[in-house]
Amino acid sequence: MKVFKIILAALLVILALVITASALTTRGTLPTLLERMDPENLAAQDAAMQKAKDRVTTALAENNPERAQRSLDRYINGFSAQLTLSGRVGYDLFFFRNGPSMLALALFLVVAAAGLIAHALDRSGRVRKLVLPAILITVLYVGVYIVENIAGANSMLMTVLKKGAIYALLAVSMNLLNGFTGLFSLGQAGFMLIGAYTYAIFSIETQSRAQVYQYYAGGIIQFQLPALVSIALAGLAAALFAFLIGWPVLRLKSDYLAIATLGFAEIIRAIFQYDGLGPLTNGSNLLRKFTVFDTALFPFAVAGVCIALIALLIHSTYGRSFKAIRDDEVAAEAMGINLYAHKQMAFVISSFFAGVGGALLAMYQTTVQAAAFTSAMTYEILLIVVIGGMGSISGSVIASFLFVAASEWWLRFLDNETMLGSFRVPLLRSGFRMVVFSVVIMAVVLFYRKGIMGDRELSLGRFRRRLSHRRKGGAQDG
Amino acid sequence: MADAMLELSHVTMQFGGVVAVDNLSMHIDQDEIVALIGPNGAGKTTAFNCITGVYTPTSGQVFYRGELIVSNRPQGKMKTLYAGSHKDFPTQVVVNTPDRITKMGLARTFQNIRLFKTQTVFENVLIATHLHRTSNLFTATMRLNRQEERSFREHAMSMLEAVGLQDEKDELAVSLPYGKQRRLEIARALATRPRLLLLDEPAAGMNPQETDALGRFIVDIRSRFGLTVFLIEHHMDLVMDISDRIYVIDFGRQIAHGIPEQIQDNPDVITAYLGVDEE
Ligand SMILES: Nc1ncnc2c1ncn2[C@@H]1O[C@H](COP(=O)(O)OP(=O)(O)OP(=O)(O)O)[C@@H](O)[C@H]1O
Ligand SMILES: [Mg+2]
């Protein structure tokens with residue numbers, strides 16, 4: 001069994017190497033191959049074959065079977081050489097066209113092979129715990145990549161995947177605060193706005209600034225930062241605002257945070273549209289012509305890394321302190337947890353990632369306008385957090401994709417007036433979708449209070465245990 | 001004489017018009033087990049809350065190992081409202097939050113059990129080990145603190161073993177029976193590595209056998225962990241059994257103080273408790 005796994009892994013690696021070699025060399029070999037397909041070359045070959053064929057005819061007339069056979073062989077050789085040549089050109093062209101896909105596939109094969117080998121050699125079960133998630137993550141990203149190439153970047157499926165990934169980050173960041181630390185904040189849209197604007201302002205193409213800021217003489221910033229730097233700045237800007245709000249508000253015993261953040265979100269929306277800030281924010285006009293992403297892998301990668309960081313934080317000693325505060329502030333403080341410092345930490349980190357999410361949303365929308373960041377956006381994300389389960393990261397992620405798919409895709413028909421023959425279907429009109437959503441959240445709150453996941457996580461270990469009906473105690477690692 | 005472990009000087013706590021603790025002065029020496037008793041509503045828990053920073057007393061001072069950790073005088077509205085019997089106020093104002101006081105070495109349990117409800121028995125104790133944390137946000141998130149994490153886990157586990165809850169470590173804390181929840185609270189307090197342990201009615205809800213075992217347990221952990229114990233309790237057998245000294249308060253005021261034998265026969269104490277259900 002072990003030998004079989006290792007042989008299989010070796011085969012996978014060889015296949016991966018072949019694919020990689022092909023994908024990397026086609027660009028170089030194609031020109032020489034095409035050279036051999038030049039009309040003169042082909043014509044020379046055709047002439048040689050014509051000659052061979054004539055010789056076969058002559059040999060037959062002369063009743064000389066050996067010479068006829070030799071000439072025919074020569075004829076067939078020439079023919080198959082041409083076939084081989086066009087075959088190789090076709091093969092190379094395929095890799096030339098799908099090079100990145102093929103490299104992804106090779107990477108996937110190597111990871112799978114590594115997983116197989118680790119699986120075969122692993123005695124402690126520790127490697128298994130690391131390898132399985134690694135394989136799943138690779139499958140996810142390769143899957144997104146391949147789906148994008150097949151379905152097309154602008155298909156409804158990709159729209160849902162892109163927005164879903166961004167909403168997943170926004171929901172997880174809100175969950176860090178509302179679900180894991182027990183602080184009720186309603187400022188998500190405000191922090192997203194700051195993130196989106198910071199990103200847009202710093203990443204508009206320099207040559208387009210005059211056009212974008214046409215009412216403000218091209219704006220005051222006249223440079224463009226790389227996308228990742230701008231995203232980091234977006235997070236930092238949101239975090240700074242959170243720090244300034246938290247500084248007075250989080251010291252209070254009672255929870256004024258919800259009111260303060262809600263007010264902040266409303267005020268910031270007005271401030272960013274204020275004409276006096278126009279050279280920076282473009283007033284109430286759109287910001288556009290900034291760097292956007294052209295593949296879903298980008299939001300998946302950024303959101304994935306951010307969510308992974310939040311998950312690591314939540315399972316660290318700091319995360320445990322957050323949960324202690326959520327469960328019982330008085331007891332947490334008596335256990336030596338500095339309430340203000342930890343609340344501030346959770347609030348600032350949550351807002352940082354809300355800012356990053358806002359930047360991604362700006363990239364997704366390709367334009368930014370402050371007026372769009374209403375409190376309805378906060379409620380949307382709060383809804384996702386509640387549906388997924390307060391205190392469950394995987395719940396937030398799953399709920400995000402379901403929510404985006406439902407609102408952008410599956411429930412679209414609710415907003416469209418529909419005629420069945422001459423009968424106008426009642427209720428179906430613009431806005432009805434939100435009514436259905438409200439009913440859904442009421443249903444969740446009333447009957448399904450803990451959401452999809454409660455405060456549990458999707459875990460491979462649990463899944464496997466359930467599959468094999470084998471219950472082992474002593475899993476102490478989160 | 002060395003400084004007392006804990007010293008209260010004229011501590012008064014007034015809520016609106018109610019003086020819950022009035023001019024309370026006491027001292028606890030190292031290695032002692034001292035009990036604070038009194039009828040319901042006498043102000044015992046309030047006294048604990050003043051010591052541990054949950055409340056800032058209206059007036060008075062608290063010293064821990066000679067260090068002034070709490071000091072206050074009537075301020076704002078309390079200047080005119082003040083109704084305590086001691087009128088000689090300290091000049092200094094010192095306020096410490098409960099987490100800082102716990103870090104100094106005072107740990108407590110709660111009368112109305114306050115466990116972390118969504119967490120397991122083990123996690124409840126693990127959280128209490130964190131005040132000795134040296135890792136920062138980055139090293140903790142990136143798992144660069146494995147050694148520290150391992151020592152936290154070992155320490156938490158040994159605390160669970162000390163109270164005999166190691167077999168229930170993966171259960172939800174709130175699913176434990178009452179008596180075990182109280183023991184878990186003690187394990188959690190011990191995990192902060194205190195010098196002074198404040199127990200607020202640790203035997204509440206326990207049957208006589210459990211109460212007996214708890215008494216032996218308290219004496220045992222005192223010597224094992226080098227603790228000083230300050231205890232609020234209604235079970236008189238337990239109090240008389242294990243206490244070195246007893247303070248009795250009623251309506252926030254000290255009415256008696258002495259060794260168990262003195263308290264048992266004190267007429268004031270008997271009057272205060274007369275007609276009061278002693279549980
Ligand atoms: N936060 C508060 N606000 C107002 N009054 C309070 C507060 N805390 C306590 N009190 C009052 O102070 C008095 C003493 O309460 P405390 O809880 O300290 O009594 P106790 O001695 O612990 O009683 P028990 O034996 O019932 O636990 C009571 O009259 C109570 O109502
Ligand atoms: Mg009490």
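Quick notes on this one:
- A:Gly263 sits among other residues whose Cβ lies under 15 Å from its own Cβ, and their net charge, with Lys and Arg +1 and Asp and Glu -1, is -1.
- With respect to chain A, whose longest principal axis is taken over its alpha-carbon atoms, helix A:375-388 is tilted by about 70°.
- DSSP bridge pairs, chain B: antiparallel proportion in percent, nearest 5: 60 percent
- Highest-fluctuation residue, B:Leu197, B:Leu214, B:Leu172 considered, GNM on chain B with Cα pairs under 10 Å: B:Leu172
- Taking one quarter of the surface of the convex hull spanned by the alpha-carbon atoms of the protein assembly as shown gives a direction-averaged projected area of 53.3 nm².
- The count of lysine pairs in chain B with alpha-carbon distances below 28 Å, taking only pairs 8 or more places apart or on different chains, stands at 14.
- Positive-end residue of A:Phe353, A:Leu252, A:Ile231, charge dipole of region A:225-356 with Cβ unit charges: A:Ile231
- Chain A, helix-only ellipticity at 222 nm - DSSP H runs n ≥ 4, -39,500 (n - 2.57), divided by all residues, nearest 500: -24000 deg cm²/dmol
- Cα gyration tensor, region A:74-201 - rounded (a/c under 1.5), prolate or oblate: oblate
- For region B:12-87, diffusion coefficient by Stokes-Einstein and Kirkwood Rh (Cα), 37 °C, 0.692 mPa s, µm²/s: 249 µm²/s
- Of B:Ala256, B:Ala213, B:Ala20, the one that fluctuates the most in a GNM where chain B has Cα springs shorter than 10 Å: B:Ala213
- Value of Rg/Rh across region B:197-279 [Cα atoms, Kirkwood radius]: 0.97
- Packing-based exposure ordering (other Cβ within 10 Å, fewest first) of A:Thr366, B:Thr141: A:Thr366, B:Thr141
- Residue exposure sequence - A:Tyr199, B:Tyr64 - by fewest surrounding Cβ within 10 Å: B:Tyr64, A:Tyr199
- Dipole magnitude of chain A about its Cα centre (Cβ charges: Lys, Arg +1; Asp, Glu -1), debye to nearest 20: 1560 debye
- Net +/- balance of residues flanking B:Thr91 in space, Cβ distance below 15 Å, scoring K and R +1, D and E -1: +2
- Three principal axis extents of region B:114-193 based on alpha-carbon atoms, in descending order, are 38, 23, 19 Å.
- When the alpha-carbon atoms of region B:1-150 are used, the pair Rg, Dmax equals 18.5, 56 angstrom.
- Helix A:188-203 and the longest principal axis of the C-alpha atoms of chain A enclose an angle of approximately 50°.
- Rounded to 5, the percent of DSSP beta bridges in the protein assembly as shown classed as antiparallel: 65 percent
- Label point distance in nm, A:Tyr215-B:Arg150, each placed 7 Å from Cα along Cα→Cβ: 6.4 nm
- Shape category assigned to region A:14-76 from the gyration tensor of Cα positions, a/c cut at 1.5: oblate
- Cα gyration tensor shape of region A:156-447, rounded if a/c is under 1.5, else prolate or oblate by comparing a/b with b/c: oblate
- When Rg and the Kirkwood Rh are both derived from Cα coordinates, the Rg/Rh ratio for region A:74-128 amounts to 1.39.
- For region A:341-441, the percent of C-alpha pairs falling in each 10 Å distance bin, counted from 0 to the bin holding the largest distance, reads 13, 34, 34, 14, 5, 1, 0.
- Net length gained if the chain between A:Ile137 and A:Arg424 were fully extended (0.36 nm per residue, minus Cα distance): 98.6 nm
- A:Glu408/A:Ala81 FRET efficiency (R0 60 Å; Cβ-Cβ; nearest 0.05): 0.65
- Per-residue Cβ neighbour rank within 10 angstrom, fewest leading, A:Ser351, B:Ser135: B:Ser135, A:Ser351
- Between B:Ala162, B:Ala140, B:Ala204, the GNM of chain B built on Cα springs shorter than 10 angstrom shows B:Ala140 fluctuating the most.
- Sites A:Asp255 and A:Ser438, calculated FRET efficiency, Cβ-Cβ separation with R0 25 Å, nearest 0.05: 0.50
- Computed on chain A, with alpha-carbon pairs under 8 angstrom and 6+ residues apart, the relative contact order is 19 percent.
- Nearest 10 degrees, 0 to 90: helix A:339-365 Cα axis against chain A principal axis: 40 degrees
None of the figures in this text is laboratory data; all of them are computed from the coordinates on show. This one's a predicted model, so the numbers in the text were calculated from it and none came from an experiment. Every residue, glycine among them, receives a Cβ derived from its backbone with ideal geometry; neighbour counts consider all protein chains shown.
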